[in-house]
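Undergrad: Before anything else, here's the structure in question.
The values are calculated or read from the model by the stated rules, or taken from the named source; none is laboratory data. Source: prediction; values computed, not measured. Cβ placement follows ideal geometry from the backbone for every residue including glycine, while neighbour counts extend to all protein chains displayed. Remember, those area values only see protein heavy atoms, side chains included, never the ligands or the DNA or RNA. Shrake-Rupley method; radii C 1.70, N 1.55, O 1.52, S 1.80 Å.
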Amino acid sequence: MNTTAPVIEVSGLRRTYRGSSAKESFEAVRGVDLEVHRGEVFALLGTNGAGKTSLLEVVEGLASPSAGRVRVFGHDPVAERRHVRPRTGVVLQHSAFPPDAKVLEMARTWGRTLSEAQPVEEVLELVGLAHRADVAAGALSGGERRRLDLALAIMGRPELLFLDEPTTGLDPESRSTTWQTVRGLVAQGTTVVLTSHYLEEVEQLADRIAVMHAGVVVREGTPAELVAGQAARIEFTLASDERLPELRGEHVAVRSHGTVRHVVTTHALEDDLRALLAWGARNGLSLGALDARSASLEQLFLDVARSADDATVTPQEIPA
């Protein structure tokens, strides 16, 4: 086995949904190139209708591409499914369990379909469901069902794990436990492909991130690389109109309810914040509701979402 080759290779991938006429056809994925390397957590983010799910279904072997090439462990995930499926685990965004089946019963049944299943009790303990083993699936909370999804996905010791919104419905403590579980799997060599609307989750777990918009990848890199080009923000209020000191960032002021709210977007957060604090001290002014935030993945995502019309966007058109 070649341990240096990418676990996932996607080249020129396109996926078109055919309608009854050319006008009714829709190209959801419009030429995507990606590589996912062994032992990393690769997060795929996307704005609404970006094509993220359409792309993942092809990589997971649930659909064939309209054009392009996909290889998972060096194999076509559709044509050579028998070489790929036993080595992967999948947590789908939505799943369903027989409501009367008990947790332990379902886990044991699933384990019998696997060639190298982990002990069922150990897996339930790992995801925090051991105490719910005799509870019917229909009586589980939404968060507990997500944990059962994860238990079944990792029971076969997958080399590659797809996690589609894995912590939806989980409380903060359960979400943190899930993150620890994922980190433990990665430490043992599992490669993870993650999609999530919780950007904090992505920042906590991902080694690399790709952001999709209108069927193409418009950003790709480490979390630090992606936010490096984003502006930080300083927000505060003043009781009256005042002329601010010279700043390196851009400044907007809005009067509301007898106060003036100032927003500074800047690539020099420390310099501009220091200048504002010194200016306030010299003039005896209090910067009310002061909030200074570094560049974030959330801001990047919002900028991408606002950047261009879905029908015409290309990777080069998304401003850095």
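Undergrad: Between beta-carbons, use under 9 Å as the cut-off and find the net charge around Thr88, counting Lys and Arg +1, Asp and Glu -1.
TA: In short, 0.
Undergrad: Next up: From the protein chains alone at 1.4 Å, what is the descending order of accessible area for Lys52, Lys23, Lys102, largest first?
TA: Lys23, Lys102, Lys52
Undergrad: How large is ³J(HN,Hα) for each residue in the range 9-14, as worked out from phi by the Karplus curve 6.51 cos²θ - 1.76 cosθ + 1.60 (θ = phi - 60°), to whole Hz, x for Gly and Pro?
TA: 10, 10, 9, x, 5, 10
Undergrad: With all protein chains present, how much of the accessible area of the range 169-320 (probe radius 1.4 Å) comes from carbon and sulfur, to the nearest whole percent?
TA: 49
Undergrad: What number results when the radius of gyration of the range 24-113, computed over Cα atoms, is divided by 2.2 N^0.38 Å?
TA: 1.31
Undergrad: May I ask for the distance between the Cα centers of the range 186-225 and the range 98-133, given as a whole number of Å?
TA: The distance from the Cα centre of the range 186-225 to that of the range 98-133 comes to 29 Å.
Undergrad: Based solely on its DSSP helices, what 222 nm [θ] is calculated for the chain when runs of n ≥ 4 H residues each add -39,500 (n - 2.57) and the sum is averaged over all residues, nearest 500 deg cm²/dmol?
TA: -8500 deg cm²/dmol
Undergrad: Quick one: angle between helix 172-187 and the longest Cα principal axis of the chain, in degrees between 0 and 90, rounded to 10, please.
TA: Taking the Cα atoms of the chain, the angle to 172-187 is about 60 degrees.
Undergrad: Oh, and also: Return one whole number: the accessible area per residue of the range 120-273 in Å², for a 1.4 Å probe.
TA: I get 45 Å² per residue for the range 120-273.
Undergrad: I would also like to ask the following. Could you sort Asp33, Asp272, Asp303, Asp100 by their accessible area in this structure, using a 1.4 Å probe and putting the largest first? If you can, show how the numbers build up before the last one.
TA: Details: Asp33 90, Asp272 5, Asp303 55, Asp100 135 Å².
Sorted by accessible area, descending: Asp100, Asp33, Asp303, Asp272.
Undergrad: State the antiparallel share, in %, of DSSP beta bridges confined to the chain, rounding to the nearest 5.
TA: Bridges in the chain are about 70 percent antiparallel.
Undergrad: Tell me, what is the percent relative contact order of the chain, built from C-alpha pairs under 8 Å that lie six or more residues apart?
TA: Relative contact order, the chain: 18 percent.
Undergrad: Can you list the HN-Hα couplings for the range 150-161, worked out from phi with the Karplus curve (6.51, -1.76, 1.60; θ = phi - 60°), rounded to whole Hz and with x for Gly and Pro?
TA: 3J(HN,Hα) across the range 150-161, in whole Hz: 5, 4, 5, 5, 9, 4, x, 6, x, 7, 10, 10.
Undergrad: Sort 160-168, 285-293 by packing, meaning the average of other beta carbons within 10 Å per residue, with the highest value first.
TA: 160-168, 285-293
Undergrad: Another question, then. May I ask you to order 129-135, 251-257, 200-206 by the average number of other C-beta atoms within 10 Å around their residues, highest value first? Spell out each step's value before the answer.
TA: On the way: 129-135: 14.9, 251-257: 10.3, 200-206: 18.9.
My ranking of the peptides, most packed first, is 200-206, 129-135, 251-257.
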